[in-house]
Amino acid sequence: MEPKATNMAEPKKKLSKSRTGRRKSHQALKKQNLSKCPKCNAIKLPHHVCSTCGYYNDEQIINFDKKDKK
Ligand SMILES: [Zn+2]
């Protein structure tokens, strides 16, 4: 049998569970920062137009009531 012809780098040793766990300990997702809409009290993202009423800074940006009739 001929020796395996490969130029790929291969890990010399299997990584231990604790080493894998140490690496993965920094991979958790951060909790999303949420704020309340002052107009309708719905939960919305800060510095974003409210997706429930369409208001931002007491100004209507998006009008959800209008429906295009075609
Ligand atoms: Zn709102």
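The values are calculated or read from the model by the stated rules, or taken from the named source; none is laboratory data. Here the structure is a predicted model, which means the values were calculated and not measured. Reconstructed Cβ throughout: ideal geometry from the backbone, glycine too, with neighbour counts over all protein chains shown.
For segment 33-49, which residues satisfy the criterion of being under 16 Å from I62 (Cα atoms) and more than 9 Å from the ligand (Cβ to nearest atom)?
L45, H47, H48 - these are the residues of segment 33-49 that are under 16 Å from I62 (Cα atoms) and more than 9 Å from the ligand (Cβ to nearest atom).
Are any of the residues in segment 51-68 among the aromatic types (F, W, Y) and either modelled with pLDDT under 90 or touching a strand residue (DSSP E or B) at 6+ places or on another chain (Cβ under 8 Å) (or both)?
yes
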